[in-house]
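Chemist: Once you've had a glance at the structure underneath, I'll fire off some questions.
The values are calculated or read from the model by the stated rules, or taken from the named source; none is laboratory data. Remember, it's a predicted structure, so these values are computed and weren't measured experimentally. Glycine gets a Cβ as well: all are built from the backbone with ideal geometry, and neighbour counts include every protein chain shown.
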């Protein structure tokens, strides 16, 4: 992926139907301390492996509880959703992404790893009444501020009472202003959990 948010093929990773060839390939990665092989393809976010921001989130957030309803916003090929599934086998884990190729890859990777409790779908297919105990997200900052705010307005209020969201955001791409916006616009407490390798990890709580 280039720094502009475009993949090497020229697609944006937040394109619903990427124009690049759907050329699947296996990729060995480490998730939840396990060496596994996943399937990736062009036209999605970070097809070369676990990106730096996601790696920071893994390092800084506490392990998820053993059960509950968990959400990964912008799942890509599934590193966050799959990790949640590997760590919490009694949880229901959902990955959402506007990119249909990403949704398919996450579902295929979950099935290949035997994670029947991990699924992915596009946002319009999700029951709007469902709430989530935990959200992990490396949100698509490159989609633009207005679209990013719309995305977070859609999903963060779906935290269940007592629920928590962890967002990893590159520091020089507006992490501090995003923290202030979440508190002022959504009225949700948002604190900086950690700062590492050019990224902030934000914690959002639902009372």
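Chemist: Among the residues of segment 51-85, write down those that are touching a strand residue (DSSP E or B) at 6+ places or on another chain (Cβ under 6 Å), free of Cβ contacts under 8 Å to residues at least 60 places away in the same chain and either surrounded by fewer than 24 Cβ atoms within 10 Å (Cβ to Cβ) or in a helix (DSSP H, G or I) (or both).
Modeler: Correct list: 66, 67, 80, 81, 82, 83, 84, 85.
Chemist: Restricting attention to segment 86-100, report how many residues are out of contact with any strand residue (DSSP E or B) (no Cβ under 8 Å at 6 or more places or on another chain), part of a loop (DSSP other than H, G, I, E, B) and farther than 23 Å from residue 154 by Cβ.
Modeler: 1
Chemist: For segment 129-145, indicate whether the set of residues that are over 15 Å from residue 73 (Cα atoms) and at pLDDT below 95 is non-empty.
Modeler: yes
Chemist: Residue by residue through segment 189-207, note down the ones that are surrounded by 14 or more Cβ atoms within 10 Å (Cβ to Cβ), touching a residue at least 40 places away in the same chain (Cβ under 8 Å) and in contact with a helix residue (DSSP H, G or I) (Cβ under 7 Å, 6 or more places away or on another chain).
Modeler: Answer for segment 189-207, where residues must be surrounded by 14 or more Cβ atoms within 10 Å (Cβ to Cβ), touching a residue at least 40 places away in the same chain (Cβ under 8 Å) and in contact with a helix residue (DSSP H, G or I) (Cβ under 7 Å, 6 or more places away or on another chain): 193, 194, 196, 199, 201, 204.
Chemist: Considering only residues that are under 15 Å from residue 98 (Cα atoms), surrounded by fewer than 19 Cβ atoms within 10 Å (Cβ to Cβ) and touching a residue at least 24 places away in the same chain (Cβ under 8 Å), which ones fall in segment 150-188?
Modeler: 154
Chemist: Of everything in segment 101-145, what is assigned to a loop (DSSP other than H, G, I, E, B), crowded, with 16+ Cβ neighbours inside 10 Å and more than 14 Å from the chain's Cα centre (by Cα)? Give them in sequence order.
Modeler: Selection gives 113, 115, 117.
Chemist: Can you give me the number of residues within segment 177-197 that are closer than 20 Å to residue 58 by Cα, in contact with a strand residue (DSSP E or B) (Cβ under 6 Å, 6 or more places away or on another chain) and not in a strand (DSSP E or B)?
Modeler: Final tally of qualifying residues: 1.
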